[in-house]
Amino acid sequence: MKLLEHEAKNILKEYGIKVPAGVLIRSAEELIPHLSSLGDRIVLKAQVDVGGRGKAGGILMAERETAVKTADALFRKEINGLHVREILAEQHLPIQHEYYLSITIDRSSRQPLILFADAGGVDIEITAKERPEAIRKVYAPPLMRDIPPFMLRELAGSAPKEIIPVINKLYRVFCEKDALLAEINPLVTTPQGVYAADAKIIVDDNALPRQGIKMNRDLTSREREAEQHGFSYVELSGSIGVIGNGAGLTMATLDLIEHYGGKAANFLDVGGGAESERVMHAVQLVARLPSVRVIVVNLLGGITRCDEVARGIIAAGIPQKVIVRLAGTNEAEGRRLLTEKGYEMLDTMDLVVQRAVEVAV
């Protein structure tokens with residue numbers, strides 16, 4: 001789950017990383033009592049969970065005299081389709097230089113990867129693409145609590161020595177907060193010291209309870225419902241709904257849809273031993289995706305009984321066409337039940353997927 005900037009900065013402060021003085025407001029009027037403490041120039045930052053917030057007009061500069069009016073205008077905006085409901089108002093920093101610092105997981109090496117560049121800010125992606133040698137990187141063995149000094153010196157290069165402890169503190173944040181990403185962009189030097197001018201932290205969804213986070217805000221209402229039922233579920237952008245049992249079978253179904261020129265609307269693995277009520281909820285959940293025109297149900301009956309699957313499909317009572325491939329335990333009874341209700345059944349995964357692509361066109 002991605003934390004909002006003010007949440008990420010509160011964590012950085014706990015670990016001794018300086019952040020600008022600021023206040024979170026939910027209306028322009030809430031800014032008034034804080035104006036004197038924020039200085040003559042104020043940065044107003046919309047707290048919305050989108051990328052490219054600055055370029056979309058979500059970060060505005062204001063003089064103290066116009067800050068309330070500017071905040072009111074920002075509250076009336078939509079940033080990439082999201083209403084602005086909270087603003088982080090911060091003091092303007094006298095920036096001398098901007099750096100980039102991030103820690104993420106390198107999937108190939110299965111280790112934390114620390115990146116540092118002497119140029120930070122909104123164009124770091126361009127730097128990474130056009131001048132990859134400008135970004136220094138080291139791998140940190142995951143059992144280390146602290147980064148060895150020689151690694152810190154290698155990362156920081158010619159940057160001021162005050163930056164070195166910040167790198168180590170961010171690494172502790174990354175480890176102790178179960179993060180998939182901890183990023184400061186830009187990390188800035190000022191006459192008063194080194195500050196995190198912006199911050200991004202993404203917490204591993206599987207670790208949310210350990211971190212005391214009760215609800216994953218990043219989930220859609222359907223993803224939240226799927227989580228409650230224990231489904232493995234991901235929303236995609238196509239028009240063919242997919243329900244399978246087992247991650248491998250479900251992924252193979254998605255691959256075949258792509259192979260035959262279709263687009264899957266979702267990934268849903270009901271798991272093994274699914275009873276009729278569980279299958280019913282899965283079919284109804286997928287059917288509520290606005291883009292779904294047809295649903296593929298591709299299940300192999302081992303501990304899952306095909307007659308239970310059939311009863312669940314029938315009980316769902318959805319308007320979209322459902323094309324089914326069942327094989328395994330109680331297959332004959334499952335086929336009989338579905339055939340009596342007029343459902344289309346085919347013998348192989350290839351045939352089911354080809355037919356679904358035809359219907360979805």
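Read-outs: derived from the displayed coordinates by stated rules, not from any lab. Just so it is clear, the structure is predicted and the values come from calculations on it, not from any experiment. With ideal geometry, Cβ positions are generated from the backbone for all residues, glycine too; neighbour counts draw on all protein chains shown.
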TODO: Tell me what the chain gives for mean residue ellipticity at 222 nm when only DSSP H runs of n ≥ 4 count, each as -39,500 (n - 2.57), the sum divided by the residue total, rounded to 500 deg cm²/dmol.
DONE: -9500 deg cm²/dmol
Open item on the list: Below 16 Å, Cα to Cα, which aspartates and glutamates can residue 214 reach? Residues fewer than 8 away in the same chain don't count.
Closed with: 7, 178, 204, 205, 223, 225, 227
Task: Proxy reagent accessibility, fewest Cβ within 10 Å first, across 138, 361 - done: 361, 138
Open item on the list: Taking the number of other C-beta atoms within 10 Å as the exposure measure, put 143, 38 in order starting with the fewest.
Closed with: 143, 38
Task: Members of 9/169; 55/177; 13/77 lying beyond 19 Å, as alpha-carbon distances in this model show - done: 55/177; 13/77
Open item on the list: So I have (1) 1.01; (2) 1.09; (3) 0.96, and one of them is Rg/Rh (Cα atoms, Kirkwood Rh) calculated from this model. Which one is it?
Closed with: (2)
Task: Unit charges on C-beta of K, R, D, E only; dipole of segment 21-91, Debye - done: 220 debye
Task: Helix 163-176 vs. the chain, principal-axis angle (Cα, 0 to 90°, nearest 10) - done: 30 degrees
Open item on the list: Please arrange 229, 259 by how many other C-beta atoms lie within 10 Å of their C-beta, fewest to most.
Closed with: 259, 229
- [ ] Straight distance only, please: which lysines reach the Cα of residue 321 with their own Cα at less than 29 Å, same-chain residues fewer than 8 apart left out?
- [x] 263, 341
